[in-house]
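Worksheet: one structure, shown below.
The values are calculated or read from the model by the stated rules, or taken from the named source; none is laboratory data. As the structure is a computational prediction, the values presented were derived from the model and not from experiment. Backbone-built Cβ (ideal geometry, glycine too); neighbour counts: all protein chains shown.
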Amino acid sequence: MNKQILIVFLLLSVVNQAFTQRSVIDNFNNNKKKWKLVDNDFQKIVIDDGLLIVEVFDDEADAYIVNDFKADLTANFVLECEFTKYEGETGVGFLWGFENEQNYNRFLITTRDQEFNAVTYRNGEVEWISDWTFSEAINLDYQTNKLKIEKKNNRIELYANDQLLTTISDTEMFGNQVGFFVGGTSVFEIDNFSITFDKKTKRNKGKEGKKRNK
């Protein structure tokens, strides 16, 4: 192998080498993580006093609040956040593997009746992963609910307030975005967001997103 070929080979190795995923923690003391904030006739999403505050003014104007942290969601991860509802009768929860409003995964709770579900939206069509189920682990209105998604290889565990609600099969990752869903007319406060990865988890640069987990 001549010197030029060796240099090219080494450069390609550096570009494609695996590296550790970066964890993200956000207590919403500012918007350094660049969440998409809005203020219009349908919804208001602001960061104020250490909280992400979401107000939805229209029953048909669900809020999709997502962020792309350049993470490989086919790797193992733990997604956590705290939600408190002050107005409304609709649900709140996590979005992951989000590409757009037609293709994503969602874990949702309702604090009105202490129920949860999980769905995949594929090309705008709903696929039920876990049907509506009652759980006393879910706190009622005006109380904080800490939700967690923990991906472990080919399965995903869903938690509310540190209690396991259900285990589902791994889901398709349409995109790399994660975030929150707030349904219909309501007011929510969101705090203490984090996404962390197993220290042993590696990913290859340039191979993110739009992959089906096996």
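Brief remarks on what is shown
- Number of residues in region 26-80 that are farther than 17 Å from Ser186 by Cα, among the small types (Gly, Ala, Ser) and part of a strand (DSSP E or B) equals 0.
- Scanning region 87-121 for residues that are assigned to a strand (DSSP E or B), more than 13 Å from the chain's Cα centre (by Cα) and among the charged types (D, E, K, R) returns Glu87, Glu115.
- Contact map, region 114-125: first residue hydroxyl-bearing (Ser, Thr, Tyr), second residue assigned to a strand (DSSP E or B), Cβ cut-off under 7 Å, separation 6 or more or different chains; pairs are Thr120/Asn105; Thr120/Glu127; Thr120/Ile129; Tyr121/Asn103; Tyr121/Tyr104.
- Selection within region 48-64 - surrounded by fewer than 20 Cβ atoms within 10 Å (Cβ to Cβ) and within 18 Å of the chain's Cα centre (by Cα): Leu51, Ile53, Asp62, Tyr64
- For region 74-128, a tally of residues being modelled with pLDDT of 95 or more, farther than 23 Å from Phe28 by Cβ and among the acidic types (Asp, Glu) returns 5.
- Search result, residues across region 2-39 that are modelled with pLDDT of 95 or more, among the polar types (S, T, N, Q) and loosely packed, with under 10 Cβ neighbours inside 10 Å: Asn30
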